[in-house]
Amino acid sequence: MDYMKLAADATIVGMESKVGGPFGATIVRGDEVVAAVSNTMLRDTDPSAHAEMVAVREACKKLGTMDLSDCVVYATCEPCPMCVSVMIWAGIKDVYYCSTRDDAAEHGFSDVHLRKYLSGEDDLVINMVKVEDREDCDHLWEHFHELNK
């Protein structure tokens, strides 16, 4: 089965139905297609609804686990840092992609600002402020561990 074609086909359906832009992803476990999706940013008014994020969400729900370490992702474009992060959190080790970040940028979908922030090149993208000594937040760690004994 051509898993990349499934991602491309889902992308076309998503674009034609005004669900999202030119990005799609397929998640496969063994020989089973777990999810084949387009991004849903336009439909959901959600900047996190990239194809890889949508696919990971669907796969986790379908499989009843957050551990996708036995899955492979096929993406129509090189995943952005957010999508790479969620795939790492899910334990995914193998990702195949077609278009590059440069191809995406050439068509108005640049993630260079994210990459520069994460590499430490540009700390002006977002102002991160550490708030000290919040008892209401500081106790949450212990509360979590007590609930999960």
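Side notes on the structure shown:
- Angle between the chain longest axis and helix 3-16 axis [Cα atoms, degrees, rounded to 10]: 90 degrees
- In this view, the solvent-accessible surface of Glu106, computed with a 1.4 Å probe and all protein chains in place, comes to about 140 Å².
- Proximal aspartates and glutamates relative to Lys62, as straight alpha-carbon distance under 16 Å, when same-chain residues fewer than 8 apart are discounted: Asp31, Glu32, Glu52, Asp70
- Subset of Lys18/Lys93; Lys5/Lys93; Lys61/Lys93 violating a 25 Å alpha-carbon distance limit: Lys18/Lys93
- Taking the protein heavy atoms of the range 1-115 in the context of the full set of protein chains, the accessible area attributed to carbon and sulfur is 58 percent at 1.4 Å.
- Longest to shortest principal axis, alpha-carbon extents of the range 6-149, angstrom: 50, 39, 28
- Stretch gain in nm, segment Ser85-Ser119, where the contour uses 0.36 nm per residue and the Cα spacing is subtracted: 10.8 nm
- Sequentially through the range 51-56, phi angles give Karplus couplings (6.51, -1.76, 1.60; θ = phi - 60°) of 4, 5, 5, 4, 5, 5 Hz, Gly and Pro residues having no value and appearing as x.
- By the helix-only formula, in which each DSSP H run with n ≥ 4 contributes -39500 (n - 2.57) and the sum is divided by residues, the chain has a 222 nm mean residue ellipticity of -12000 deg cm²/dmol.
- Local electrostatic count, Met1, Cβ distance below 14 Å [Lys/Arg +1, Asp/Glu -1]: -2
- Heavy atoms of Tyr96 accessible to a 1.4 Å probe, total area in Å² rounded to 10: 110 Å²
- Scalar couplings 3J(HN,Hα) for the range 122-129, obtained by applying the Karplus form with A = 6.51, B = -1.76, C = 1.60 to θ = phi - 60°, are 9, 9, 8, 5, 8, 9, 9, 10 Hz; x denotes Gly and Pro.
- Net charge dipole size for the chain [Lys, Arg +1 and Asp, Glu -1 on Cβ; Debye, nearest 20]: 440 debye
- Estimated FRET transfer efficiency when R0 is 35 angstrom, pair Ala105-Glu142 (beta carbons, to 0.05): 0.20
- Estimated inter-spin distance, Val129 and Thr45, nm [label 7 Å along Cα→Cβ]: 2.8 nm
- For Ser99, nonlocal amide neighbours, meaning residues 5 or more places apart or on other chains whose placed amide H falls under 5 Å from its own, are Cys77, Glu78.
- Computed with the Debye formula from one identical point scatterer per Cα of the range 1-84, without solvent, the log10 of I(q)/I(0) at q = 0.16, 0.19, 0.23, 0.24 Å⁻¹ comes to -0.52, -0.74, -1.06, -1.13.
The values are calculated or read from the model by the stated rules, or taken from the named source; none is laboratory data. Since this is a predicted model, take the numbers as computed values, not measurements. As a convention, Cβ positions derive from the backbone with ideal geometry for all residues, glycine included, and neighbour counts pool all protein chains shown. For accessibility, only protein heavy atoms count, side chains too; no ligands or nucleic acids. Shrake-Rupley method; radii C 1.70, N 1.55, O 1.52, S 1.80 Å.
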